Structure formats: structure tokens, C-alpha cells
1. Using θ = phi - 60° and the Karplus relation 6.51 cos²θ - 1.76 cosθ + 1.60, list the HN-Hα couplings for region 392-397 in order, rounded to whole Hz, with x at every Gly or Pro.
2. Would you list Lys94, Lys305 from the most to the least accessible area, probe 1.4 Å?
3. May I ask you to give the percent of accessible area on the chain that is carbon plus sulfur, with a probe radius of 1.4 Å?
4. Need one number for region 24-150: average projected area of the convex hull over its C-alpha atoms, nm².
5. In whole Å, what is the distance between the alpha-carbon centres of region 44-97 and region 104-141?
6. Calculate the dipole size of the chain relative to its Cα centre from +1 charges on Lys and Arg beta carbons and -1 charges on Asp and Glu beta carbons; express the result in debye to the nearest 20.
7. Across every pair of different alpha-carbon atoms, what Kirkwood hydrodynamic radius in Å does the chain reach?
8. With all protein chains present, calculate the accessible area of His69 using a 1.4 Å probe and round the result to the nearest 10 Å².
Amino acid sequence: MTNFCNLCIDDFVFCFIKMEKGDQGKEDSRDRISELTDEILFIILSFLTLKEVANICFLSRRLKILWPHIVALNFDASNTLGELRRNGRLRKKKRTWYINWVNHVLESHKGSTLNEFRVCFDLDWTCRHDIDRWFCFAISKRVRKLELDFEEVAEETWPPGLRSYSLTKSCFNYIRTPQGLSCIGLLDSLCLRFVKVSGEVLEHFLLHCPLLEKLVVEWSKNLVTLNVASSSPLRLQYLEIRSCLALQNLEISAPNLQSFLYYGQKVELHIENAPLLTDVLIGGNLDDEPAFAFCPLSGYLCQLKTLTLEMSAYNMTFPNFPELTNLRHLAVSAYGGYDDDLLVLTSLIDASPSLNKLSLELNIWRSSTYNHAHNTSNVTGKPIPSLKVVEVIGFRGFKIDVDFLAYLLEHGKVMEKITINCCHPSWAGQILEFETIKERERARKHALQLKSKSPSTTEFVII
């Protein structure tokens, strides 16, 4: 049987149009798709977005019959969101179109359960009545994966999310009824982006969703405190909290937690009973040092395999690390000026004897906003015993990145490959202006100078 998982929508259509031709290439009047079993047709439909489903229903009468019973409702509108980013004046028109589309599908849906319900569009509190209905619809279908993402891509105010949809009291009351409690019992993934939600609501899900493995909350203005714990052991494996600007206190007790991602301002962070934690991301605002998170994490640093840091180069200061015995991959996304210093990272590298891969994403401007320079007197110059792969995106050829890469080349003893991408992260996918092209070419020249100093055994790639 054809592996439908690996087919794009165009391949799928071509495959079945070809099936409906005879040996001589003549049209066969039989509806070959309708000869497939329901099980196979549902597998096909499960790998398609709703737009793709609509585009292929003309191929078969049975597809038209079966699609209202599909168990994955993914209202993907990526192309339309791209239009809004380019022209915010289309917002009202496109919102009306999106809301009508979702409402039409929900009115037609006949299935009793849902594996996935995802809505992702530029919506705010003015759309609350429709969103309330969508939320209750998904819950009533005993949804397993629920994602609400209402980023206002056409909004230019700061901070984002001021007009975000807020999970209403009626929705909260519904999931507290006997029927609502029974319906949320199968939920295993909950993602809320640009949705105002309180700690009380999230803790209700944690308490009454025994299968919940993934929780993501981003740009929630109403989240002040959150206790990620339960009277019974949590099944939660993945926790991500991003840009919740009102958050003050976060407590975590999750014996099955494997990944913890936190990006935001300094908070009171308490972590206990996380024996399986191996993947951590810590990031913060430009004025917040990341050290606040390392003390609560100190008991778990030795078991981490992946550590990601998103922060400013000028305040990238660290406490004295215990040895990160198992750390294999260190990823750093740094903002800074050309005269800032990344050599402070060497203390972290020195504490990671098993480090195999270093990924660096740089967002560098021409000069430091702060009159600040790191004291590099603590740079030990120790050999780096295990580092084999280095990847850099946003290399500009300034002091901040040249000095750091020169250090790695000098002290890395088993370096196998270095990849330098001279494209600034914000340039990706854009048509470059002449000045930008000149900057990129200048960066390439500095990268070539570093390449000339690299060992002949090291593969050095410049993009």
C-alpha cells in the first residue's frame, strides 16, 4: 500500500487520478477511491489539513460522506496569516472569513470524538462568543489535543496580547460540571497562546486530566501564579511557559517531566521531584540575568542532555556550575552589540565534559546599547575534549563572534565540523537590500579568515 504519510496533497491527487485510468491511459468510470476501506480513507484524511480535505473531496463520493466524521480538525490558515502580516487592513475581512469557515465545519461535523482541535488565527476578545462555542465544542468531543493560538499578527502595540481573548467564566464553569469533567479526562496536550488564562484554570486541567503530557502557555496576561503539581503523580512530560508578563511564582513537582522551557522575566521558581528532566530552555528579558533559574535547577543540571539559553550577551553571567556530566547539546540564542563578549560561555563549556554540539544564534547590532564589557580574566583556556559540531547562525564578523569562534578553534581538540551562516536570523526568507548584501559579504570575508586558521581535519562550511 502506498505510504500516504509521505505524500503531499498534490502527490495524493495525482496518485488517485492515475488509478482511475485504464491500461491505455483512458478514463475509467469507476470510483477507485470509494473501493478503499473506511479505515484506509480515515488514515488518508488524518494526514491532511481541512483545506486539503476540501480540495480532494471531489475525487470520491465516499470522501464527501466520511469527512464530517474525521477526528482531526486543524484549521490551518498559514497563507492568510502571511497576508495579514503584510497588510493589516485585511484583518476585518479575513477574520470574518476564518470565523465563518470554522463555524461551518463545526456545524457539519458528525463525529463523537476528536483527536485534535486546533484554531490558529488573528483573533481577540471581540470574537469571544465564537471562540467560547469552539472551546466547548472541542471539550464536548473529548478532544485529546487542544490548541488555541490567537496571535494578533497585524497588531503593532507593545506588549502583545493586550486585546487577547480571555477564557470566559462560562467556559470554566463548563469544564467543572460532571459532563465537562468527564470530557477533559482524555486530554493529553493543551496549548494556549495569546489566551488570557489564570493559574486556577490551568491547575484545574492539571488536576482533572490524568493523561495530560504537554502544557504550553504563551502571552497570557492573567497568569500570576502557577503550581504544576497534583495529588496524584502528574503524567506531564513537557511544560512551556513563555512571555507571561504578570507571572510571579512558578512551582513545579512533576516526576515524569522531561522538558521544561521558560522564557520571561525573573520569577520565584521552585522545582522539585523532577528526576527525568533532561531538556531545559531558559530565556529572559534584556534586563534579566538568567542566574535566577539556575539555583532552582541546580539539583538537576547534572542530568541535563540539552540546555538552551535565550538572553542578552551583555548580562550573560552565570553562577559556579556543578559539572553538567550528561550535557550533549548546548544551544545559545544571544542578543548583543558587536563589542559584547561571548567568552563568558566558556565557564559553561568547561563544566560540560561530554558536550558534543554547540548551536549559536546571534542577533547582533552595530554597537552595544550598554556601556558594559565582561571580565574575561576567568577564561581558563582549558581543552574542550568532546565538542565535535559547531553551528552558528547570524555571524557578522564582529569582535563578539570572531573572538569566540577563534577560542573554540584553538581549544577544541576533536572538532569535526563548523558551519557558519552569515545570514542574520531576521533576514531569513527576505529579499536582501544592497546594504544588507554588503554586510553579509563582509561577514563572509571574516569567516574565511577563521577557516584559514582551522585544522585541516575540520570541515568548515560557510553559508
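The values are calculated or read from the model by the stated rules, or taken from the named source; none is laboratory data. As the structure is a prediction and not an experimental result, all values here were calculated from the model. Positions of Cβ are backbone-derived with ideal geometry, glycine not excepted, and every protein chain shown enters the neighbour counts. Note: areas computed on protein heavy atoms with side chains; ligands, DNA, RNA excluded. Shrake-Rupley method; radii C 1.70, N 1.55, O 1.52, S 1.80 Å.
1. The phi angles translate into 10, 10, x, 5, 10, x Hz.
2. Values: Lys94 40, Lys305 110 Å².
Ranking Lys94, Lys305 by accessible area, largest first, yields Lys305, Lys94.
3. Working: 11240 of 22300 Å².
Whole-percent figure for carbon plus sulfur exposure: 50.
4. Details: hull surface 38.6 nm².
For the Cα atoms of region 24-150, the hull's average projected area reads 9.6 nm².
5. Centre-to-centre (Cα) distance: 14 Å.
6. Using only the charged Cβ atoms, the result is roughly 900 debye.
7. Details: mean 1/r = 0.0395 Å⁻¹.
After inverting the mean inverse Cα-Cα distance, the result is 25.3 Å.
8. 70
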